[in-house]
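J.: Have a look at this one.
Nothing in this text is a laboratory measurement; each read-out follows from the coordinates by a stated rule. Keep in mind it's a predicted model, so treat the numbers as computed, not measured. Cβ: placed from backbone, ideal geometry, glycine included. Neighbour counts: every protein chain shown.
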Amino acid sequence: MYEYFLGQITDVTPSFVVIEVAGIGYKVLTANPYRYEVGADAVKMFIHQAVSDNGMSLFGFYDADEKALFEKLLNVSGIGPKSALAILANNDHAGLIQAINQGNATYLTSFPGVGKKTAQQIVLDLKDKLTDLNGAVAGQTALEMPTDPAEGALADALAALEALGYSAREIKKITKQLEAFSQGQSVDTNGLLSEGLRLLTK
């Protein structure tokens, strides 16, 4: 039904953003909400609408290629919107496509909600079928954001990882590394979330 929204971001949380279009605020689930900044200039967000027994949900993407990759993942048996979103939260979409094409199921099991069987299914269903996206999907681009205080940024990044489906045990394992990463340098929530995802999927 929707292809994209053009509007202003009015709220950013660990799991979703609110985008206001023509006076209406839409709650949109996105892989990395901290790419967006409240009150910035108008943002173009590509939209996938999902209807389930629990109601309707809107998923937002930085560009049309990211949306296309999400929809291809949804076609895989065992992959729902939440798992697909968690997979896309990793900045390295080109690396994801390469892993699928090389049949690297072990890499895919590092994402929450993706077990060995589902990872093998992703390879089986999508191997050599993402060539139209290879190179076009370079990963998520972060918008310029003012630097948050490190402590608040870390808490937001950890909450975003939890919203993506990572377990408390997995998050606890990398918390000290993220704390060290934030010391002595100017780092925002988006940077900490990206580093957390890199540590969790390496």
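J.: Please pull out the direction-averaged projected area of segment 22-141, using the convex hull of its alpha-carbon atoms, in nm² to one decimal place.
T.: Working: hull surface 31.9 nm².
Approximately 8.0 nm², given one-decimal rounding.
J.: With springs connecting C-alpha atoms under 10 Å apart, model the chain as a Gaussian network and identify which of Val187, Val51, Val21 has the largest mean-square fluctuation.
T.: Taking springs between Cα atoms under 10 Å, the residue moving most is Val51.
J.: Here is a follow-up. Over segment 6-92, what portion of Cα pair distances is larger than 21 Å, expressed as a whole percent?
T.: 27 percent
J.: Pairs to check: Lys117/Lys202; Lys72/Lys127; Lys176/Lys202; Lys116/Lys176; Lys173/Lys202. Give those whose C-alpha atoms are more than 18 Å from each other in this structure.
T.: Those over the limit are Lys117/Lys202; Lys116/Lys176.
J.: How high is the FRET efficiency between Ser52 and Tyr2 when r is their beta carbon distance and R₀ equals 25 Å, given to the nearest 0.05?
T.: In this case the efficiency is close to 0.95.
J.: Let me ask something else. Pop out the ³J(HN,Hα) list for segment 14-30 in order, Karplus 6.51 cos²θ - 1.76 cosθ + 1.60 with θ = phi - 60°, rounded to Hz; leave Gly and Pro as x.
T.: Each residue of segment 14-30 in turn: x, 10, 8, 10, 10, 10, 9, 10, 6, x, 10, x, 9, 7, 10, 6, 9 Hz.
J.: Starting from the Cα of Ala42, step 7 Å along the direction of its Cβ; do the same at Ser186; then give the gap between the two resulting points in nm.
T.: A separation of 3.0 nm, rounded to one decimal place.
J.: Further, regarding this structure: Calculate one ³J(HN,Hα) per residue across segment 118-123 by plugging θ = phi - 60° into the Karplus curve 6.51 cos²θ - 1.76 cosθ + 1.60, and present them in order as whole Hz with x for glycine and proline.
T.: 5, 4, 5, 5, 4, 4
J.: Follow-up question, since we're still on this one. Hey, could you pull the Cα Rg and Dmax for the chain, both in Å?
T.: Spelled out, the Cα radius of gyration and Dmax of the chain are 16.5, 48 Å.
J.: Calculate one ³J(HN,Hα) per residue across segment 97-108 by plugging θ = phi - 60° into the Karplus curve 6.51 cos²θ - 1.76 cosθ + 1.60, and present them in order as whole Hz with x for glycine and proline.
T.: For segment 97-108, the Karplus curve yields 4, 4, 4, 5, 5, 8, x, 7, 5, 4, 4, 5 Hz.
J.: Let me ask you something else. Tyr62: net charge of surrounding residues, Cβ under 11 Å, Lys/Arg +1, Asp/Glu -1, itself excluded?
T.: Net local charge, Tyr62 excluded: 0.
J.: For the peptides 82-93, 5-16, 56-67, what is the packing order when you average, over each peptide's residues, the other Cβ atoms within 10 Å and list the highest mean first?
T.: Result, highest mean Cβ count within 10 Å first: 82-93, 56-67, 5-16.
J.: Once label points are set 7 Å from the Cα along Cα→Cβ at both Asp63 and Lys202, what is their separation, rounded to one decimal in nm?
T.: The modelled label-to-label distance comes out at 2.7 nm.
J.: Tell me, how many Å apart are the Cα centres for segment 153-183 and for segment 1-67?
T.: 23 Å
J.: Size of segment 72-116 along its principal axes in angstrom, Cα-based, largest extent first?
T.: 22, 21, 18
J.: Amide H neighbours of Val43 under 5 Å, at least 5 residues apart or on other chains, H built in the peptide plane: list them.
T.: When sequence neighbours closer than 5 places are left aside, the close amide H contacts are Gly7, Gln8, Ile9.
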